[in-house]
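The values are calculated or read from the model by the stated rules, or taken from the named source; none is laboratory data. Everything quoted here is computed from the prediction, not taken from an experiment. We place every Cβ from the backbone using ideal geometry, glycine too, and count neighbours over all the protein chains shown. Surface areas here come from the heavy atoms of the whole protein model, side chains and all, with no ligands, DNA or RNA. Shrake-Rupley method; radii C 1.70, N 1.55, O 1.52, S 1.80 Å.
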Amino acid sequence: GEDVEQSLFLSVREGDSSVINCTYTDSSSTYLYWYKQEPGAGLQLLTYIFSNMDMKQDQRLTVLLNKKDKHLSLRIADTQTGDSAIYFCAEKGTGGYQKVTFGTGTKLQVIP
Amino acid sequence: DTGVSQDPRHKITKRGQNVTFRCDPISEHNRLYWYRQTLGQGPEFLTYFQNEAQLEKSRLLSDRFSAERPKGSFSTLEIQRTEQGDSAMYLCASRGGGTYNEQFFGPGTRLTVL
């Protein structure tokens, strides 16, 4: 079945760049997503990338996709304390009606 | 309507009791999903509705779990004879016809089974 892996924790200093990595197994993935979850809140979609794209930039966020290695990364430029949260990588394949498989999440801690 | 809402936000129950959660999706969204999230894990897919039809169910959805969406609007998730292993956050999400399949999540219902 589909599997999505992430490192559990990342700590960065305010103003530095953060890079959160993700690997997935489903070679038929069509969309890949990054979600943000803050304490007590639901998941918020940050950005997505279609599987035929290599890169997508959206303000401070850059998503890189290496489809050959099934590797996805999220770079946050000029990381702020408000970026502290858990970040989930997710993928939607072609199997099933609309199933999205989430990774375990990476907790980002931003040190002032 | 500003987003997906879920009720209750927290539920504490004793083992063996039945519980029911409600999800109200974004009004124009015809697709609705239920997920379960345990501590330190990502959300795991439980079931999917398109309008009132339940089109997909995960193997995680044992026969103690039942979900309905009778009029294609709000949905309920019932757990019968709760077990301590059912303790988790239950998330609901809805989606419209967007091309990139964005799911909008509610705040979740945290269930604690004693």
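What do you reckon, is B:Tyr48 within 26 Å of A:Ser7 (Cα to Cα), within 10 Å of chain A (Cβ to nearest Cβ) and modelled with pLDDT under 95?
Working: within 26 Å of A:Ser7 (Cα to Cα): no; within 10 Å of chain A (Cβ to nearest Cβ): yes; modelled with pLDDT under 95: yes.
No, not satisfied.
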Can you tell me which residue among B:Ser62, B:Ser27, B:Ser73 is open to solvent by less than 60 Å² (accessible area, probe 1.4 Å) and either assigned to a strand (DSSP E or B) or closer than 18 Å to B:Gly96 by Cβ (or both)? B:Ser73
The lone condition B:Asp63 fails out of (1) out of contact with any Asp or Glu (no Cβ under 9 Å at 6 or more places or on another chain); (2) of a type in the set (Asp, Glu); (3) in contact (Cβ under 8 Å) with a residue 40 or more places away in the chain is (3)
Filter region A:83-110 for residues that are surrounded by fewer than 16 Cβ atoms within 10 Å (Cβ to Cβ) and modelled with pLDDT of 95 or more and give the result. A:Gln109
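Considering only region A:11-27, state which residues are more than 11 Å from every other protein chain (Cβ to nearest Cβ) and either part of a strand (DSSP E or B) or closer than 28 Å to B:Tyr90 by Cβ (or both). Reasoning before the result, please.
Start the filter on region A:11-27 by keeping residues that are more than 11 Å from every other protein chain (Cβ to nearest Cβ), which leaves A:11-21, A:23-27.
A:Ser11, A:Val12, A:Arg13, A:Ser18, A:Val19, A:Ile20, A:Asn21, A:Thr23, A:Tyr24, A:Thr25, A:Asp26, listed by residue number.
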Could you check region B:89-98 and list, in sequence order, the residues that are over 11 Å from B:Phe49 (Cβ atoms) and more than 11 Å from the chain's Cα centre (by Cα)? B:Gly96, B:Gly97, B:Gly98
Log entry, pairs with first residue in region B:17-40 being within 12 Å of another protein chain (Cβ to nearest Cβ) and of a type in the set (Gly, Ala, Ser), second being assigned to a loop (DSSP other than H, G, I, E, B) and surrounded by fewer than 21 Cβ atoms within 10 Å (Cβ to Cβ), beta carbons closer than 8 Å, six or more apart or on different chains, reads B:Gly40/A:Leu8; B:Gly40/A:Thr104
On the basis of being surrounded by fewer than 17 Cβ atoms within 10 Å (Cβ to Cβ), part of a strand (DSSP E or B) and facing chain A (nearest Cβ under 9 Å), does B:Leu91 make the cut? no
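Looking at A:Val110, is it over 30 Å from B:Trp34 (Cβ atoms) and either under 12 Å from the mean Cα position of the chain (by Cα) or not in a loop (DSSP other than H, G, I, E, B) (or both)? Let's see the steps before the verdict.
Values: over 30 Å from B:Trp34 (Cβ atoms): yes; either under 12 Å from the mean Cα position of the chain (by Cα) or not in a loop (DSSP other than H, G, I, E, B) (or both): yes.
Taking the combined requirement at face value, the residue satisfies it.
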Tally time: how many residues in region B:51-92 are small (Gly, Ala, Ser), at pLDDT 95 or above and closer than 16 Å to B:Leu32 by Cα? 3
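Please indicate, with yes or no, whether at least one residue in region A:34-50 is over 18 Å from B:Phe105 (Cβ atoms) and either under 15 Å from the mean Cα position of the chain (by Cα) or away from chain B (no Cβ under 14 Å) (or both). Show your work before the answer.
Going through region A:34-50, the residues over 18 Å from B:Phe105 (Cβ atoms) turn out to be A:49-50.
Those still in the list that are either under 15 Å from the mean Cα position of the chain (by Cα) or away from chain B (no Cβ under 14 Å) (or both) too: A:49-50.
Yes, because at least one residue in region A:34-50 is over 18 Å from B:Phe105 (Cβ atoms) and either under 15 Å from the mean Cα position of the chain (by Cα) or away from chain B (no Cβ under 14 Å) (or both).
Find the residue count for region B:41-60, including only residues that are within 17 Å of A:Tyr87 (Cα to Cα) and without any contact (Cβ under 8 Å) to a residue 24 or more places away in the chain.
In the first step, residues of region B:41-60 are kept if they are within 17 Å of A:Tyr87 (Cα to Cα); the result is B:41-44.
Pick out the ones that are also without any contact (Cβ under 8 Å) to a residue 24 or more places away in the chain and you get B:41-42, B:44.
The number of residues fulfilling the criteria is 3.
Go over the candidates B:Glu56, B:Glu52 one by one and state the one that is in contact with a strand residue (DSSP E or B) (Cβ under 9 Å, 6 or more places away or on another chain), open to solvent by 20 Å² or more (accessible area, probe 1.4 Å) and closer than 18 Å to B:Thr20 by Cβ. First the steps, then the outcome.
Working: B:Glu56 fails: closer than 18 Å to B:Thr20 by Cβ.
Only one candidate qualifies: B:Glu52.
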